[in-house]
Amino acid sequence: MMNFVSRLLNRSAPSISEARPADAPAIAAIHSASFQRGWGEDEIQQLLLERDVVTHRITAGGKLIGFILSRVAAGEAEILSVAISPGWRGRGLSRQLLDLHLRRLAGIGTRSVFLEVGAQNAPACRLYRRAGFQEVGRRHGYYEDGATALVLRRDLG
């Protein structure tokens, strides 16, 4: 009982910071657990090394539990991927991560943000709509399983 109480009291609140190349294995593991075709460590590490990629991570108790990656070019950004570890979903963490990420993108002069999301992914669609994204297109048959992707956009200012 004492051990449980100690762990409960020492559990730190999730915090958000910029991701680093050393985070690639943890990000790849979360990505693989979240998507049909997970990205490998090498792919993630390459993205984390690119100057035009903005990445944030969310950690709890020293463990990486989520991330967001965007590529920036000519005043626009594309969110490449967002994921939260399965055991941490449903706690509003993706919203916190997205909000901070969008503020960072706006702070570096990004005017518009785009992303693609599976039309059947109700939680993600809800997240993006609540964050002010609007549908600007559809890509039928975009995913390997033939599913449609919605193209969403949000202007930052």
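Considering only region 97-111, state which residues are over 19 Å from ASP23 (Cα atoms) and either crowded, with 16+ Cβ neighbours inside 10 Å or free of Cβ contacts under 8 Å to residues at least 12 places away in the same chain (or both).
LEU102, ARG103, ARG104, LEU105, GLY107, THR110 - these are the residues of region 97-111 that are over 19 Å from ASP23 (Cα atoms) and either crowded, with 16+ Cβ neighbours inside 10 Å or free of Cβ contacts under 8 Å to residues at least 12 places away in the same chain (or both).
So that you can scan it fast, the table gives a plain yes or no per residue for (1) acidic (Asp, Glu); (2) surrounded by 16 or more Cβ atoms within 10 Å (Cβ to Cβ); (3) closer than 21 Å to GLY38 by Cβ; (4) in contact with a Lys or Arg (Cβ under 7 Å, 6 or more places away or on another chain):
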| position | (1), (2), (3), (4) |
| --- | --- |
| TRP88 | no, yes, yes, no |
| GLY92 | no, no, no, no |
| VAL113 | no, yes, no, yes |
| PRO123 | no, no, yes, no |
| GLN134 | no, no, no, yes |
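Return yes when ILE68 is at pLDDT 95 or above, of a type outside the set (Gly, Ala, Ser), crowded, with 17+ Cβ neighbours inside 10 Å and touching a helix residue (DSSP H, G or I) at 6+ places or on another chain (Cβ under 6 Å) and no when it is not. Break it down stepwise before answering.
On the way: at pLDDT 95 or above: yes; of a type outside the set (Gly, Ala, Ser): yes; crowded, with 17+ Cβ neighbours inside 10 Å: yes; touching a helix residue (DSSP H, G or I) at 6+ places or on another chain (Cβ under 6 Å): yes.
In short, yes.
Provide a single number: the residues in region 79-123 that are of a type in the set (Ser, Thr, Tyr) and over 13 Å from the mean Cα position of the chain (by Cα).
The total comes to 2.
Considering only region 106-113, I want to know if a residue exists there that is in a helix (DSSP H, G or I), modelled with pLDDT of 95 or more and touching a Pro at 6+ places or on another chain (Cβ under 8 Å).
no
The values are calculated or read from the model by the stated rules, or taken from the named source; none is laboratory data. Note that the structure is predicted; figures quoted are calculated from it, not measured. Cβ atoms come from the backbone with ideal geometry, glycine included; neighbour counts cover every protein chain shown.
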